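Participant: First the structure, then my questions, so here it is.
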Amino acid sequence: NYYFAIVAIDDGGNRSGLSNVATGRTALRLGYTLVSVPRILAVGSDTADVVFGDDVGVPPYVYHWNPSGPLSTDGCYEGPVSTPSFPTCGGLGPIQFGSAYYLRSAGTQAVLDAPGTAVSSLTVSVLLELGFNMIGNPYEQDILLSQVQIRRGAGAPVSYQSAVTNGWVA
């Protein structure tokens, strides 16, 4: 969702008050879009069909990368069917907040809405596997990368920039 309000200033410098707030949503692009679901989904409501099917059709073409090593080619996509772009290695499990997915839209009018409750915890841990990981924002508002902390093993958390400097993430 996007929220809009307007303050107008005329040539004389007179300033209006804040307008009513309007909301809007953006539609998915045609083709594949990287998405995440910032909702805690109930068991049974966490399947790809329930989360994405009403938005892009059933079965939804949704894929999640499953890393198996340090190289970008080490791993495979979990998803419903294999396509030339996405050779799969198994079915897609429950949709998880904190994860990211490639979702295919056949049109430009699909808008995602997922059943569930907003994540209210101040901290969310996302386990990273060796190699390339697809992670998503678990919250309904933006998070700056400078606000993200990385913890390696049982060590103390460090800033994202420190984790990059240390060679933990790239």
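Participant: Given a 1.4 angstrom probe, I'd like the percentage of the accessible area of the range 1-155 that is carbon and sulfur, rounded to a whole number. List each step's numbers first, then the result.
Facilitator: Numbers: 5480 of 10210 Å².
Accessible surface attributable to carbon and sulfur in the range 1-155 totals 54 percent.
Participant: If you average 1/r over all unlike Cα pairs in the range 36-95 and invert the result, what Kirkwood radius do you get in angstrom? Could the numbers behind the result be given before it?
Facilitator: On the way: mean 1/r = 0.0803 Å⁻¹.
Result for the range 36-95, one decimal place: 12.5 Å.
Participant: If you don't mind, there's one more thing I want to ask. Along each of its three principal axes, how wide is the spread of alpha-carbon positions in the chain, in whole angstrom units, largest first?
Facilitator: 63, 43, 30
Participant: Still on this structure, please answer the following. Skip the ligands, DNA and RNA, and give the accessible area per residue of the range 1-153 with a 1.4 Å probe, whole Å². Present the calculation step by step, with values, prior to reporting the outcome.
Facilitator: Values: 10070 Å² over 153 residues.
I get 66 Å² per residue for this part.
Participant: Starting from the 7 Å offset along Cα-to-Cβ, what nm value, one decimal, do you get for the label separation of residue 8 and residue 124?
Facilitator: 3.9
Participant: Now for a separate question. Convert 25 °C to kelvin, take the viscosity as 0.890 mPa s, use the Kirkwood radius over C-alpha pairs of the range 79-142 as Rh, and evaluate the Stokes-Einstein diffusion coefficient in µm²/s, rounded to a whole number. All intermediate terms of the calculation are to be shown ahead of the outcome.
Facilitator: On the way: Rh = 14.5 Å.
After rounding, the answer is 170 µm²/s.
The values are calculated or read from the model by the stated rules, or taken from the named source; none is laboratory data. Bear in mind that the values here come from a model prediction, so they are computed numbers and not experimental data. Here Cβ is always computed from backbone atoms with ideal geometry, including for glycine, and neighbour counts include all displayed protein chains. When the accessible area is computed, the model is the full protein with side chains, heavy atoms only, and any ligands, DNA or RNA have been set aside. Shrake-Rupley method; radii C 1.70, N 1.55, O 1.52, S 1.80 Å.
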